[in-house]
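Following: one structure in structure tokens, then a few remarks.
The values are calculated or read from the model by the stated rules, or taken from the named source; none is laboratory data. None of these values were measured; they are calculated from a predicted model. As a convention, Cβ positions derive from the backbone with ideal geometry for all residues, glycine included, and neighbour counts pool all protein chains shown.
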Amino acid sequence: MSKRLVFIILVLLAAGSALRSPADAETRTFLTLASGSPGGVYYPLGGGMAVVIEKTVPELRCASESTGASVENSRLVGGGNSDMGMVMGSVAYKALTGQSPFEKKLDITALFQMYPAPEHIVTTTKSGIRSIADLRGKKVSIDVPGSGCAIMAAAILEEAGFDLKKDLTIANLSQSESVQALKDGVVDAVFFNFAYPGAAVMDLAATRDIVLIALEKDLADRLVKKYPYYVQITIPKGTYPKVDTDVLCLGDSNLLIAHAKMPEDIAYKVVKAIFSNVREGQYALINIHPIAAQLTPANAVNSPLPLHPGAKKYFREVGALK
């Protein structure tokens, strides 16, 4: 979505609010939603969610604000300076537990997981690699040093029993460099971390027969026990060309968080409004950004943070929780 279109949506929202009477404004609860910077997914999706809440819940008003995303949003919500915020699951977990870069524990909770970001492990049929074990002795790109992708790749490989300095050759290539290197046979496999379907994998699949390496279930179980801020994610079969089986992955999540003291009825109304307007209606989020297709109750409850009681109430109603 273009910045201009997002701007138009927010202007229209503001104009609609201005036309209401002062008495109407006084009877409605005003909420803020901290999103991200223009150019990312959080910014347009956050704007769309704010419009949904504003336009479909008579008791609520809502405005989205552009921010520096995960770390800043955790601090804004935890400090009571924003009601909701979009945050990567690993960052939110560290905010909740007071781990670096946070100086203290923040009183936050999850309204829902917006969409998952699985760690894709991609190779080609030509490589002969079909499992994590087959990576031994191979040259593997895990993204640039210090990236979330590289950190997660190292966690997976080490838990699988690899010595990263002895058992394989690590390349720290960017996403675009990894795509070209795999096409040219310079590397044997690559790690990517992003929501599916990822453009880099689709690029590879356009000219190569790709293979997505699935984690064995016991390895995935060990990883989420050791790193509770990660989640298990299944990339459905058919997501990528010629990948005709479900692929179990380790991944990060992208959450909409709230302060733990948000009233239960407000949390319930917010979650219900958003999930009632994903694909249908005048304010359908799927028209704002295609990633909204992954806003499903089944994905929503897969969170590294405890769900807010108001969110639980909604997800029990729709059968996603018992």
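Considering only residues of segment 177-223 that are among the polar types (S, T, N, Q) and closer than 25 Å to SER253 by Cβ, which is surrounded by the most Cβ atoms within 10 Å (Cβ to Cβ)?
Filtering segment 177-223 for residues that are among the polar types (S, T, N, Q) and closer than 25 Å to SER253 by Cβ, the one surrounded by the most Cβ atoms within 10 Å (Cβ to Cβ) comes out as SER178.
Output the residues belonging to segment 30-42 that are closer than 13 Å to SER70 by Cβ and either assigned to a loop (DSSP other than H, G, I, E, B) or in contact with a helix residue (DSSP H, G or I) (Cβ under 7 Å, 6 or more places away or on another chain) (or both).
Scanning segment 30-42 gives ALA34, SER35, GLY36, SER37, GLY40, VAL41.
Yes/no matrix, rows are residues, columns are (1) part of a strand (DSSP E or B); (2) without any contact (Cβ under 8 Å) to a residue 60 or more places away in the chain; (3) surrounded by 17 or more Cβ atoms within 10 Å (Cβ to Cβ):
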{"site": "LYS94", "(1), (2), (3)": "no, no, yes"}
{"site": "GLU103", "(1), (2), (3)": "no, yes, no"}
{"site": "LEU111", "(1), (2), (3)": "yes, no, yes"}
{"site": "ALA117", "(1), (2), (3)": "yes, no, yes"}
{"site": "HIS120", "(1), (2), (3)": "yes, no, yes"}
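Which one is nearest to the chain's Cα centre (by Cα), of the residues in segment 221-250 that are farther than 23 Å from PRO145 by Cα and of a type in the set (A, V, I, L, M, F, W, C)?
Checking each candidate, the answer is ILE233.
Can you name the residue in segment 145-165 that is without any contact (Cβ under 8 Å) to a residue 12 or more places away in the chain and charged (D, E, K, R) and, of all such residues, is surrounded by the most Cβ atoms within 10 Å (Cβ to Cβ)?
Applying the filter and picking the extreme gives GLU158.
If I ask for residues that are aliphatic (A, V, I, L, M) and farther than 21 Å from ASP221 by Cα, which ones from segment 145-163 would you list?
Result: no residue meets the conditions.
When you go through ALA258, ALA205, ALA214 one by one, which is the residue that is hydrophobic (A, V, I, L, M, F, W, C), closer than 30 Å to HIS308 by Cβ and in contact (Cβ under 8 Å) with a residue 12 or more places away in the chain?
Being hydrophobic (A, V, I, L, M, F, W, C), closer than 30 Å to HIS308 by Cβ and in contact (Cβ under 8 Å) with a residue 12 or more places away in the chain holds for just one of ALA258, ALA205, ALA214, which is ALA258.
Run down LEU305, LEU321 and say which single residue is surrounded by 17 or more Cβ atoms within 10 Å (Cβ to Cβ), at pLDDT 95 or above and at negative phi.
Going through LEU305, LEU321 in turn, the sole match is LEU305.
Counting only residues that are in contact with a Gly (Cβ under 9 Å, 6 or more places away or on another chain) and not polar (S, T, N, Q), how many does segment 294-322 have?
The qualifying residues number 3.
As an exercise: evaluate SER64 against (1) outside any loop (DSSP other than H, G, I, E, B); (2) modelled with pLDDT under 95 and give the number of the one condition it does not meet.
Here SER64 clears every test but (2).
Within segment 67-90, does at least one residue satisfy the condition of being assigned to a loop (DSSP other than H, G, I, E, B) and of a type in the set (Ser, Thr, Tyr)?
yes
Quick check on LYS126: is it surrounded by fewer than 16 Cβ atoms within 10 Å (Cβ to Cβ) and not in a loop (DSSP other than H, G, I, E, B)?
yes
Can you pull out the residues in segment 129-138 that are over 13 Å from PHE162 (Cβ atoms) and either surrounded by 14 or more Cβ atoms within 10 Å (Cβ to Cβ) or at pLDDT below 95 (or both)?
Restricting attention to segment 129-138, the residues satisfying the condition of being over 13 Å from PHE162 (Cβ atoms) are 129-130.
Result: ILE129, single match.
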